[in-house]
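One structure below.
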Amino acid sequence: MSSPQVTSAATTAGSSGDDVPPRRRGRTSRPDASHARSYGPGFIAKLVLMAVVDALGVYVVWSAWTQDSYGILAVSLALLVAANWVYFTRRALALKYILPGLGFLLVFQIFVVAYTGYVAFTNYGTGHNGTKDQAVEALLVQNERRVEGSPSLPLTVVEDGGTLGFAVVGEDGAVTAGTAEQPLSAQDDATVQDGRATEVPGYAVVDREQILERQDEVTDLRVPVSDDPEDGSIRTTDARTGYVYTSVLEYDAASDTITDTSTGVTYTPNDDGQFEAADGSTLAVGWRVPVGFDNFVTAFSDGRYAQPFLKILVWTFVFAIGSVVTTFLLGLFLAIVFNDTRLRGRRVYRTLMILPYAVPGFLAALLWSGLLNTRFGYVNQVLLGGAEIPWLTDPFLAKLSVLAVNLWLGFPYMFLICTGALQSLPSDVMEAARIDGAGRWRTWRSITLPLLLVATAPLLISSFAFNFNNFTLIYMLTGGGPRFADASVPLGHTDILISMVYSISGVDGSATKDFGLASALSIVIFVIVGGISALAFRSTRKFEEIN
Amino acid sequence: MRRSILLAAALTTTLALGACSSGGSGDETTDEPSGESSSTASGGSLTIWVDETRQDAVTDAAQSFEDETGTAVDVVLKNFDEIRADFLAQVPTGEGPDITVGAHDWLGELTTNGVVAPLELGDTAAGFEDVSLAAFTQDGQVYGLPYAIENIALIRNTALADEAPATWDDAIAAGEAAGTKFPILVQSDGDKGDPYTHYPFQTSFGAPVFEQNEDGSYTSELAMGGPEGQAYAEWLGEQGAAGNLSQDTTYDIAVEAFKNGESPFIVGGPWMIESFEGLDLSIDPVPAAGDQPAQPFVGVQGFYLSAESDDAIVANDFLVNYMSTEDAQVALYEAGGRPPALTAAADTAAADDPIVAGFREVGADAVPMPSIPEMASVWSFWGVTEAAIVNGADPVSSWDKMIEDIQSAMDA
């Protein structure tokens, strides 16, 4: 879809560039007449608009700064500077027209494609969700165990010259206090009020406000119960109650290893972004690492996917080409019929024809899946008098239904563009053909159709690209089903490549998520669609030579 | 003239672009006010993700927490279906919430990705129903504060059947005696099937999905293969052939039929009840099809704590000391209609609503839905195979192939 738009943007830019030089030459004699220098109403309007843009831009940059989003900050700053330069310089006339478009292209197309490309070379997915530091932290926290049967201890956060510590009241009412370096020691002179220590000699009690300012320090603090690490340490999550914990895993930052204290096994980080022991066992939480072409290799080497992939690839082409051909033929036929001036009430018919186009696609697909239900659907129940035809659950019929529903959804679009193209055909050529003695059929085949194709071929190509990735229809109508009975992966007869990617990536919850693999497959699809579109556009040039 | 119009158009577009790029950082800007207030009020600040059914109840609890502690609480409304993926994606960036609502079966994925922090409920743990805590427990650690328990049961239209059936055959006989269109309604979903609703029948043949440890947690060892599973598969085939089960009976169709009195029984959960206004209902255990008790899955709703929360102490305080109170849990029950997880609150709720009491009674014998990451591989084959068998596929060979496929997906 985007390609035709780009072409038109380019032509606009080109044509505007063409008629600029003469004017500019005229202006060189009168430098003050430049749009950028004259202080007329146009300039003031520009100034006001640019002020608004700048205000918004500065707001975005500032928000990005306060949120530490430096990527957004850099891009919005660059766009802002570029906008100001472009609209206040005299030399960038073409850019004045295309800058907004370029900006959109950058944000919504190039960034998305580049990010997908980046993810395709990482192992982003379940188990590799964040950074290594986060993984280490999660592993340590998940593997701390409260000592079984240990009491919950009313806790007070205390401070000893800037070092945080805990004072807890034991089950016997005795107060003990300590810091990370100093194991708990008895504090006989401490004051206890309502079961909680309120004053501890040698320590200053930290008030709630300060605790909240130093939350990370408090939650990270572990006060050993005694000199023996086996006894565990006190920690708190709410700064009100402490519990005795022992940790199973210990991280050594110097050697970058994690040791399981209960078994003595040492885990070292491996290339897949996980901690791995000598025997090959790994710890559950990993992190995101670049994996090179691994995802692409997996996409094509997994034996379970090989056979369904081929079937799905074929069906994707059948579906995309079939959809374009059927919708175009029906749309063209109807356009020709309703283009006949002898037909009365053409406007009413035309409006009716466009109705399916006005219904949102996902809604219509959902509606049709209800209509085609085997036992309760309107089609079987009412139209076919109670027949139980498995429209969506038989492999062949399901494919037919998908094509039929897409025909219903898609023909109004083709009808519209064909009507438009037919009405703009030059009548002189037709007249010339008639004078030359060409019959109706001959005129249609040699004049009308080629001229029609010049106008519609780019739209047919974009329609192909659209249907190649028509995820909504498949997802809403059949969900890819019926499943392949002979395959061992959750894929079905009406799955197209993009819905296959959705299912393999696990975004639908039917498998563990693998965004890396999904991105790699998306790039493969991008290459297929892009390649076919480029080839097709090249071959449509021969239509244009007719002109 | 023409040029100035174009210029204006171009500038407006640039302006829109600027607006868009600020829209892109929308998630961050919502956090902004709370971030500022934390430095001024220094009572800390919390961001909580909720869906609309829980919004009011959580906002009320947040308000009282705010009044008492001076902490600014920002309750953000999210679509429940999006919370899981957004939480996974945003917590590692540091932009996620401190607390989110969620279902217990997300637990395996959330811990594998290291985005949730364990909670220490301390003495408050004793106040919760055992099954609700077990559902949020992994490797001996609790990761969520449960607030609601939901499970399916047999909903009976007392005008059409005056006593609870003990077995599946009784139910069919009673349904046929009632002379309604369907003897019993068990929802499915086309060729995707609905293993959640069919699970009690599967357990009645002694074929639970995974082996369980002594403490009730699941191992990753499949338990639904073997002769028990095959017996269940054969039963599915027989009932499909007899027309008692059908893959075409979707949720909407089943609920509509029951509402219109076309069947005395429907297998379903508390979320159906409001569709059945005007009917006199009784909640009974799901009738066993095999020779063992029919145990439905229990789903537990709760609150998760982000592993990257900057205000972990406040968040813990809020969850452990405020959301676990009877008032808060009853308020959540009144807002969402799901039986509370706190025993005292559940007693209150059950006392004034026999429907809640009925579901709770059935839920007492139920098992938590597995939350281990391997479960994802099971779902994708399970329902489809069941639907195919009901639709006439060979039961035993289909079932065995499903077990193989699940095993190979788990090993992959």
Go through segment B:180-220 and give me each residue that's more than 14 Å from chain A (Cβ to nearest Cβ) and at positive phi. B:Gly206, B:Gly216
Of (1) polar (S, T, N, Q); (2) farther than 30 Å from A:Phe526 by Cα; (3) more than 9 Å from chain B (Cβ to nearest Cβ), A:Thr66 satisfies all except one. Which? (3)
Of the conditions (1) exposed (fewer than 15 other Cβ atoms within 10 Å of the Cβ); (2) more than 14 Å from every other protein chain (Cβ to nearest Cβ), B:Gly243 satisfies every one except a single condition; which number is it? (2)
Criterion (in contact with a Gly (Cβ under 6 Å, 6 or more places away or on another chain), among the small types (Gly, Ala, Ser) and surrounded by fewer than 23 Cβ atoms within 10 Å (Cβ to Cβ)) met by exactly one of B:Gly70, B:Gly94: B:Gly70
Pick out the one residue from B:Asp248, B:Asp194, B:Asp280, B:Asp189 that is buried (at least 16 other Cβ atoms within 10 Å of the Cβ), modelled with pLDDT of 90 or more and acidic (Asp, Glu). B:Asp194
Test B:Ser34 against the stated conditions and say whether it is within 11 Å of another protein chain (Cβ to nearest Cβ), at pLDDT below 75, part of a helix (DSSP H, G or I) and surrounded by 17 or more Cβ atoms within 10 Å (Cβ to Cβ). no
Single unsatisfied condition, A:Ala299 versus (1) assigned to a strand (DSSP E or B); (2) in contact with a Leu (Cβ under 6 Å, 6 or more places away or on another chain): (1)
Starting from residues that are of a type in the set (Val, Ile, Thr) and within 11 Å of chain B (Cβ to nearest Cβ), keep the ones in segment A:69-111 and report whichever is farthest from A:Gly42 (Cα to Cα). A:Ile72
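So that you can scan it fast, the table gives a plain yes or no per residue for (1) more than 23 Å from A:Lys132 (Cα to Cα); (2) surrounded by 14 or more Cβ atoms within 10 Å (Cβ to Cβ); (3) in the same structural domain as A:Ala167 (by TED's automatic domain parsing); (4) not small (Gly, Ala, Ser):
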residue	(1), (2), (3), (4)
A:Glu230	yes, no, yes, yes
A:Ser233	yes, yes, yes, no
A:Tyr243	yes, yes, yes, yes
A:Gly273	no, yes, no, no
Scanning segment A:122-142 residue by residue, the ones that are closer than 27 Å to A:Tyr245 by Cα and more than 8 Å from chain B (Cβ to nearest Cβ) total 4
Can you spot a residue in segment B:229-237 that is modelled with pLDDT of 90 or more, surrounded by fewer than 18 Cβ atoms within 10 Å (Cβ to Cβ) and not polar (S, T, N, Q)? yes
Please report, ordered by residue number, the helices (runs of 4 or more DSSP H) entirely within segment A:382-465 with at least 1 residues that are within 35 Å of the chain's Cα centre (by Cα). A:395-423
Would you confirm whether or not segment B:149-164 contains a residue that is part of a helix (DSSP H, G or I) and either surrounded by fewer than 22 Cβ atoms within 10 Å (Cβ to Cβ) or polar (S, T, N, Q) (or both)? no
Restrict the check to segment A:511-529 and report whether at least one residue is away from chain B (no Cβ under 14 Å) and either part of a loop (DSSP other than H, G, I, E, B) or free of Cβ contacts under 8 Å to residues at least 60 places away in the same chain (or both). yes
Single residue of segment B:97-110 satisfying the filter (surrounded by fewer than 24 Cβ atoms within 10 Å (Cβ to Cβ) and within 11 Å of chain A (Cβ to nearest Cβ)) that is nearest to A:Ser150 (Cα to Cα): B:Gly108
Can you run down the residue pairs with Cβ atoms below 7 Å, 6 or more apart or on separate chains, where the first is in segment A:33-52 and assigned by TED's automatic domain parsing to the domain that holds A:Trp85 and at pLDDT 90 or above and the partner is surrounded by 11 or more Cβ atoms within 10 Å (Cβ to Cβ) and aromatic (Phe, Trp, Tyr)? A:Met50/A:Tyr87
Residue ID - farthest from A:Ala404 (Cα to Cα), chosen from residues in segment A:286-329 that are touching a residue at least 24 places away in the same chain (Cβ under 8 Å) and among the small types (Gly, Ala, Ser): A:Gly286
For segment A:150-177, what are the residues that are on the phi > 0 side of the Ramachandran plot and either within 13 Å of another protein chain (Cβ to nearest Cβ) or in contact (Cβ under 8 Å) with a residue 40 or more places away in the chain (or both)? none
Going through segment A:88-117 one residue at a time, which ones are in contact with a Ser or Thr (Cβ under 8 Å, 6 or more places away or on another chain) and not hydrophobic (A, V, I, L, M, F, W, C)? A:Arg90, A:Tyr97, A:Pro100, A:Gly101, A:Gly103, A:Gln109, A:Thr116, A:Gly117
Which members of segment B:380-397 meet the condition of being within 11 Å of chain A (Cβ to nearest Cβ), of a type outside the set (Val, Ile, Thr) and buried (at least 19 other Cβ atoms within 10 Å of the Cβ)? B:Ser380, B:Phe381, B:Trp382, B:Gly383, B:Ala387, B:Ala388, B:Asn391, B:Ala393
Looking only at segment B:348-364, decide whether some residue is closer than 22 Å to B:Gly216 by Cα, surrounded by 17 or more Cβ atoms within 10 Å (Cβ to Cβ), aliphatic (A, V, I, L, M) and away from chain A (no Cβ under 12 Å). yes
Sort through A:Val337, A:Val348, A:Val314 and tell me the only one that's at pLDDT 85 or above, hydrophobic (A, V, I, L, M, F, W, C), within 30 Å of A:Tyr475 (Cβ to Cβ) and part of a helix (DSSP H, G or I). A:Val314
Suppose we filter B:Ala117, B:Ala126 for residues that are under 21 Å from the mean Cα position of the chain (by Cα), under 27 Å from B:Glu150 (Cα atoms) and within 14 Å of chain A (Cβ to nearest Cβ); which single one remains? B:Ala117
On the given criteria, is A:Asp256 surrounded by fewer than 15 Cβ atoms within 10 Å (Cβ to Cβ), in contact (Cβ under 8 Å) with a residue 12 or more places away in the chain and either closer than 30 Å to A:Ile525 by Cβ or among the small types (Gly, Ala, Ser) (or both)? no
Is there a residue being touching a strand residue (DSSP E or B) at 6+ places or on another chain (Cβ under 7 Å), at pLDDT below 85 and closer than 28 Å to B:Glu308 by Cβ anywhere in segment A:260-281? yes
Tell me which residues, restricted to segment A:108-122, are surrounded by 18 or more Cβ atoms within 10 Å (Cβ to Cβ) and out of contact with any strand residue (DSSP E or B) (no Cβ under 9 Å at 6 or more places or on another chain). A:Val119, A:Ala120
Would a scan of segment B:212-222 turn up a residue that is over 28 Å from B:Ala161 (Cα atoms), part of a helix (DSSP H, G or I) and either of a type in the set (A, V, I, L, M) or within 21 Å of the chain's Cα centre (by Cα) (or both)? no
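The values are calculated or read from the model by the stated rules, or taken from the named source; none is laboratory data. Bear in mind the structure is a predicted one, so any value in this text is a computation, not a measurement. Note that each Cβ is placed from the backbone with ideal geometry, even for glycine, and that neighbours are counted across all protein chains shown.
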